[in-house]
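The values are calculated or read from the model by the stated rules, or taken from the named source; none is laboratory data. Quick caveat, the model's predicted, so the values are computed rather than measured. FYI the Cβ positions are ideal-geometry reconstructions off the backbone, even for glycines, and counts take in every protein chain you see.
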Ligand code: PGA
């Protein structure tokens with residue numbers, strides 16, 4: 001499985017960031033899962049750049065929709081790649097809440113792909129409705145990104161299904177594993193329409209939203225998820241260790 005730790009803004013102290021990476025490297029040697037950490041952008045170079053090759057991968061939490069030029073404050077995909085990232089979380093609901101529309105998310109995914117970053121495209125409904133209109137929301141989020149891309153590019157995207165109502169809560173508030181299984185099936189069907197003749201089952205689909213050591217195993221079993229995008233529970237060494245131990 002692919003386990004991505006989204007640090008958000010939880011890890012502010014440099015020493016805490018270093019400790020977490022040291023712990024992750026140790027844990028990565030003992031697990032069969034692929035571990036990727038997404039620290040705050042200013043720490044990326046310090047944590048991911050140089051040094052010995054390790055099994056831990058690094059990602060950036062967002063990339064700019066623009067490339068080089070007059071764009072104060074933007075972190076471009078090119079700089080993230082050179083700082084050591086190989087993954088880019090894009091379209092996270094916390095970025096969408098700050099103004100990232102589907103067309104912006106689509107641009108960001110293109111920037112990531114041209115700079116050899118694997119896009120981790122976050123999709124998810126704000127709430128559920130009895131008429132299942134939320135399925136249309138997911139379809140539209142996927143369409144906006146997939147439509148302009150070639151099949152080869154589409155195959156490189158990792159999808160993170162993160163229902164907004166389940167993010168940043170307690171384990172009890174996460175999705176149920178049977179519901180997750182249905183959602184993954186639905187997302188895979190939508191993806192398959194964009195990849196006719198290709199093996200859409202190769203596209204990795206992760207789940208994110210209030211995953212911790214107490215629910216990760218149940219969510220993994222039977223849901224056919226290919227991994228997890230984990231926020232809070234990935235941001236201290238003990239709970240990161242507990243997560244991987246529970247998943248085994
Ligand atoms: P959480 O965040 O695990 O803290 O709910 C997940 C995410 O937003 O990526």
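The table that follows gives values for the structure above.
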{"quantity": "Hits in region 7-43 - residues which are part of a strand (DSSP E or B) and touching a helix residue (DSSP H, G or I) at 6+ places or on another chain (Cβ under 7 Å)", "calculated": "35, 37"}
{"quantity": "Test set (1) in a helix (DSSP H, G or I); (2) modelled with pLDDT under 95 - residue 52 fails condition number", "calculated": "(1)"}
{"quantity": "Subset of region 197-229 that is closer than 21 Å to residue 127 by Cα and out of contact with any helix residue (DSSP H, G or I) (no Cβ under 9 Å at 6 or more places or on another chain) - its residue that is nearest to the ligand (Cβ to nearest atom)", "calculated": "229"}
